[in-house]
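The values are calculated or read from the model by the stated rules, or taken from the named source; none is laboratory data. These numbers were taken from a predicted model, which means no experiment stands behind them. A quick note on method: Cβ atoms are made from the backbone with ideal geometry, for glycine too, and the neighbour counts reach across all protein chains shown. To get the accessible areas, we keep the full protein, side chains included, count just its heavy atoms, and leave off ligands, DNA and RNA. Shrake-Rupley method; radii C 1.70, N 1.55, O 1.52, S 1.80 Å.
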2 protein chains.
Amino acid sequence: MDVETQKTSRRPRADSIRNRERLLEAAREVFSAGGPGASLEAVARKAGVGIGTLYRHFPTREAIFQAVYRREVDEMVELADRLATEPDPADALKRWMHASVRMVATKRGMLAALSPVMDGSTEFFADTSKRLMSAISGLLDRGVAAGRLRDDITADELMRAFLGICYIPEKPGWQDTVVRLLDVFVDGLATDRDVRKSG
Amino acid sequence: MDVETQKTSRRPRADSIRNRERLLEAAREVFSAGGPGASLEAVARKAGVGIGTLYRHFPTREAIFQAVYRREVDEMVELADRLATEPDPADALKRWMHASVRMVATKRGMLAALSPVMDGSTEFFADTSKRLMSAISGLLDRGVAAGRLRDDITADELMRAFLGICYIPEKPGWQDTVVRLLDVFVDGLATDRDVRKSG
DNA sequence: TGATAAACGGAGGGTGCCTCCGTATATTTC
DNA sequence: GAAATATACGGAGGCACCCTCCGTTTATCA
């Protein structure tokens, strides 16, 4: 089962790896722009490969959605790790949320497209949301340990609040509103009111 | 413009009215079951009319979505009115939210399908959300007036909290979780802790 | 430098989207 | 009650997308 133990089989072909990469990049762009109605044939065209190639790499619509989503989550987790060195935990939390809002914004349609098909992907979402959770709780815990953030809010609640606030019907200025509300929320989390200067 | 003043033109044909009604009913069922991927031809088939008839009544995909959605909102508003006679305002609020969760649950896919197309419908959503708002604030105000609910939460905030809590990735037991969280929220709204018995 | 496993591309059959227009019928008029 | 006509109806047709299947191409291995 383990890839490392499969010495007997050939190693993956270079064009296969390259095309998979191109497809993921193209899908990210197409989904961002087109939302749920995005056509898989458009993705293949943008990637410069045949439609058959797309379907070999990602047998179902769900598979390619998930692959792109997983990549987004990776970036959010990485950003959280990078922000772990920030001097001010509340500020780090704000920055992480701001960046994540941008991702949620561009990927909103994708997530919307995903939910109806999620019957078989419960475990996939359990996994990714666990990773998101540990990213968010890393930032939160550090702030609590430093005595800079309240200790009566769990990472789970923080995530729910984050997603809930992001879930606002879009109108002009949408993202600004969300960012402001999130800042207010984090200000409320802070034990020290001085964080309010930023925004 | 007013229908009543149009005495000069013929009155609408009976079959037209009947078919429109059938289409709306069929659309409600198909969208509930199938989500955003639901086919308009399936709606026409279910309604027992030709596809052309569907498109004459609802020229765009958006139009039929909106008509169904408007009907749902009507029911939520009516329910709020009916609940206005409940003795316990907090209980009325809980009941309204429970029923609304059920609607959000079945219509989730529909709403998801709507958001990407919402460019031209900003004013439509402004209208319906205004009506939802007055329904919710009716229930809220009555509780505040009776001294049974806190007065520092606006209807707008209540609605945002309601929608935010509803926005949870679905997993088994999903709706139960939402109902419980909503109850907790309303309990928190109550000035008198005794309401906690229900649920 | 072959041999060949693996990947590639795109034709093709099916479905849905939406338009258009010839046909059918409900309403009105006489 | 019958003719006139405004109105609505149905579905064919052209286009895009979905997904499968398989003949062709090519990267790897010996």
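Assorted remarks:
- Residue list for segment B:52-90, restricted to those being farther than 24 Å from residue B:100 by Cβ and of a type in the set (Lys, Arg): B:56, B:61
- Of the helices (runs of 4 or more DSSP H) entirely within segment B:15-95, those holding at least 2 residues that are away from DNA strand C (no atom under 16 Å from the Cβ) and open to solvent by less than 60 Å² (accessible area, probe 1.4 Å) occupy B:61-83.
- A search for C-beta distances below 8 Å between a residue of segment B:78-92 that is without any contact (Cβ under 8 Å) to a residue 24 or more places away in the chain and any residue that is open to solvent by 40 Å² or more (accessible area, probe 1.4 Å), counting only pairs 6+ apart in sequence or on different chains, returns B:86/B:95.
- Verdict on residue A:4 being away from DNA strand C (no atom under 16 Å from the Cβ) and either at pLDDT below 90 or not in a helix (DSSP H, G or I) (or both): yes
- Residue, surrounded by the fewest Cβ atoms within 10 Å (Cβ to Cβ), within segment B:96-146, restricted to residues that are among the polar types (S, T, N, Q) and modelled with pLDDT of 65 or more: B:134
- Qualifying residue in segment A:40-57 (condition: in contact with a helix residue (DSSP H, G or I) (Cβ under 7 Å, 6 or more places away or on another chain), away from chain B (no Cβ under 14 Å), near DNA strand D (Cβ under 10 Å from one of its atoms) and hydroxyl-bearing (Ser, Thr, Tyr)): yes
- Selected residue (criterion: nearest to residue A:48 (Cα to Cα)) from residues of segment A:24-35 that are in contact (Cβ under 8 Å) with a residue 40 or more places away in the chain and more than 13 Å from DNA strand D (Cβ to nearest atom): A:24
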